[in-house]
1. Any chance segment 57-75 includes a residue that's at pLDDT below 95, under 21 Å from A134 (Cα atoms) and of a type in the set (V, I, T)?
2. When E192 is evaluated against the numbered criteria (1) of a type in the set (D, E); (2) modelled with pLDDT under 90; (3) surrounded by 13 or more Cβ atoms within 10 Å (Cβ to Cβ), which criterion, by number, is the only one it fails?
3. Looking at (1) touching a residue at least 24 places away in the same chain (Cβ under 8 Å); (2) among the aliphatic types (A, V, I, L, M); (3) over 24 Å from L141 (Cα atoms), can you tell me which one A227 breaks?
Amino acid sequence: MTSQTASDDNVTEQDMTFTKELRAATKEVHKISDVLVNAKFAFALSDDAVWYDGLLSFYEIYKFLERNLPQELLPKELHRTQSFEKDFDFFYGENWRDTYEIRPAVRKYLDHLEEVNKKDKLLLFAYAYQMYMALMSGGQLLQKKRMIARKLWPGSNGVTEEEEKQPLSEEPSNPDDLTTRPMPVQVSICPEGCSATYFTEKITVLKGKLRKVLNDNYGKFDEQMKAAFIEESKNVFLFNSDVVRSIKGVNRANIRKLAIVVVFFVSIYFAIKLARR
């Protein structure tokens, strides 16, 4: 083994150690957030109004992070603000800002981010790490499912059985073995209105850049800073849950889907009844 190979193996092992430590510390609150997202948002994938309101609800958070974190903490190629705005122009029209208002849950979130930003940029990075990883993980799977539902995905390739089993925030069968984590197929096309989740670079490369920022800094934290970073990492999921609850139209979309199911089974019932006459 060459010294370079040994060095690379050591970096990989160290990267996994820091990632595992952060995952373990946020595991419980992460699961609670996942349940909410999966239950309230995933069932409305085919409803454009819900999708874009979901993007709109998190738009200010990404914009704040991009305006306040230097490039060495948040690489430019990860920035999403213009992509979000391009999607809003498509769905709401170019004058969407005229009636746009920041909702209370988002304002509360932004107020907290302001306080964190005043304390330490590295604590603010805790939010960027979780938010952009989510966009490059569950965000990819969500968008692909939406494209398939709206017949925008090219060819006959649908959601694979492996992908279908994945929650929006991926969870490997063995949480301690991050090398087994499933990766959703990267959204490789960008129809109008789908810019927010489209990245020109490979997701694996972008995730690697974000992990490098984490690893370059986390290993240097003293115990006090590490505790503060973990605390803010937990807060990401708590604030995100409040924002998800504010997404408009989710109940309407699910009621409509339930109505379709009811009509379907009622139709079957009457068809069987008529056939028996």
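The values are calculated or read from the model by the stated rules, or taken from the named source; none is laboratory data. These numbers come from a predicted model, not from an experiment. Here the Cβ positions follow ideal geometry from the backbone for every residue, glycine too, while neighbour counts run over all protein chains shown.
1. No, the conditions are met nowhere in segment 57-75.
2. (3)
3. All conditions pass for A227, except number (1).
Condition check ((1) at pLDDT 75 or above; (2) of a type in the set (D, E, K, R); (3) farther than 21 Å from Y62 by Cα) across all residues:
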site	(1), (2), (3)
D120	yes, yes, no
Y132	yes, no, no
G138	yes, no, no
Q143	yes, no, no
N157	no, no, yes
P172	no, no, yes
T180	no, no, yes
Q186	yes, no, no
